[in-house]
Amino acid sequence: MRRLGYGRLAMPEGHTIHRAARLHGKRFAGEVVAARSPQGRFSEGAARLDGQKLDRVDAHGKHLFYQWSDGDILHVHLGLFGRFRVFAEDPPPPTDGTRLAWTAETGTLYLAGATIVDLIGPEDREAIASRLGPDPLRRENNQAAEFARRLARRTISIGAALLDQKAVAGIGNVYRAELLFLTGIDPATPAKSVASKDVDRLWTETVRQLRLGEKSGRIITVEPSEVGASSRKDLLRDERLYVYKRDGLPCRRCGTEIEHTEMGGRTIWWCPSCQG
Ligand SMILES: [Zn+2]
């Protein structure tokens, strides 16, 4: 059995989803699959997919779309507990909770615990996309301007706005705290009051960080030299982030104690000195 290292985070953010789209596309696109639902809750859908060829996979925010040869689109949202497991060869038996399992000549995929596993058509997909904000990992035009436009309409804090998938698609709780630290923005600032040059920097940094995360499968925001390491790979687990879950610890840059509070329904961490 060879388990492929696709990484695993407790709460997938956009980079994990885009990475899954890229790796699943690479492995399974062009392949005909034998599909089933070991758990039984997706039996009808699996029966429809059985014998179809996967054309391509793409992601928008935290949503995955698998396009099949008969025109079906498999829509997946992992939510908090969803998990893929992919094996190149000799897969172990699926767990009882595996909603969807497929096997192709190039490997086996198991999906369990996801919030959404559904077969949809192109109109449904359009409707889902229309409810999402710009996605920093999709290479589309005018995304920075669209991000600025959406923030300018929001009176909620920038900390809360970054979790709103209608404002920007794909940022989760780890990235929102880290991105605001990296750009020196106080999370409590009303979204519409963030200076436009800061909004520009925030977008640029978001694209940069999520691309790094997509590539490595990990969220590492710390500049290695700041903690005495020579490369991102050398960072220890507790050296990878600036503020997330570091309440009470000294800021890596100024030594001020990192604070935390509730914002947008989740806890956020920040440095009161660097982000003022
Ligand atoms: Zn600081």
Within the set of pairs 6 or more residues apart or between chains, which connect a residue that is closer than 21 Å to Arg41 by Cα inside the stretch 87-98 to a residue that is of a type in the set (Phe, Trp, Tyr) and surrounded by 14 or more Cβ atoms within 10 Å (Cβ to Cβ) with Cβ atoms less than 7 Å apart? Pro94/Tyr110; Thr98/Tyr110
Filter the stretch 198-238 for residues that are within 16 Å of the ligand (Cβ to nearest atom) and of a type in the set (D, E, K, R); which is surrounded by the fewest Cβ atoms within 10 Å (Cβ to Cβ)? Glu226
Cβ-Cβ distance below 6 Å, separation of 6 or more or different chains: which pairs start in the stretch 25-49 with a residue that is on the phi < 0 side of the Ramachandran plot and end on one that is in a loop (DSSP other than H, G, I, E, B) and hydroxyl-bearing (Ser, Thr, Tyr)? Arg27/Thr106; Glu31/Thr106; Ser43/Ser37; Ala46/Ser37
Does Pro38 qualify as being modelled with pLDDT of 95 or more, surrounded by fewer than 18 Cβ atoms within 10 Å (Cβ to Cβ), farther than 28 Å from Glu140 by Cβ and not aliphatic (A, V, I, L, M)? no
Output for the stretch 258-276, where each listed residue is over 17 Å from Thr221 (Cα atoms) and within 9 Å of the ligand (Cβ to nearest atom): Pro272, Ser273
From the list Ala177, Ala161, Ala191, Ala169, which residue is surrounded by 21 or more Cβ atoms within 10 Å (Cβ to Cβ) and in contact with a His (Cβ under 7 Å, 6 or more places away or on another chain)? Ala169
Every listed condition ((1) closer than 28 Å to Ile220 by Cα; (2) small (Gly, Ala, Ser); (3) buried (at least 22 other Cβ atoms within 10 Å of the Cβ)) holds for Ala88 save (3)
Hey, any hits in the stretch 84-100 for a residue that's modelled with pLDDT of 95 or more, under 24 Å from Gly172 (Cβ atoms) and among the charged types (D, E, K, R)? yes
Considering Pro190, Pro250, which residue is touching a Ser or Thr at 6+ places or on another chain (Cβ under 9 Å) and within 13 Å of the ligand (Cβ to nearest atom)? Pro250
Kindly indicate whether Thr115 is exposed (fewer than 15 other Cβ atoms within 10 Å of the Cβ), among the hydroxyl-bearing types (Ser, Thr, Tyr) and in contact (Cβ under 8 Å) with a residue 24 or more places away in the chain. yes
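The values are calculated or read from the model by the stated rules, or taken from the named source; none is laboratory data. In this text, all values refer to a predicted model and were calculated from it rather than measured experimentally. Neighbour counts run over all protein chains shown; Cβ positions are idealised from the backbone, glycine included.
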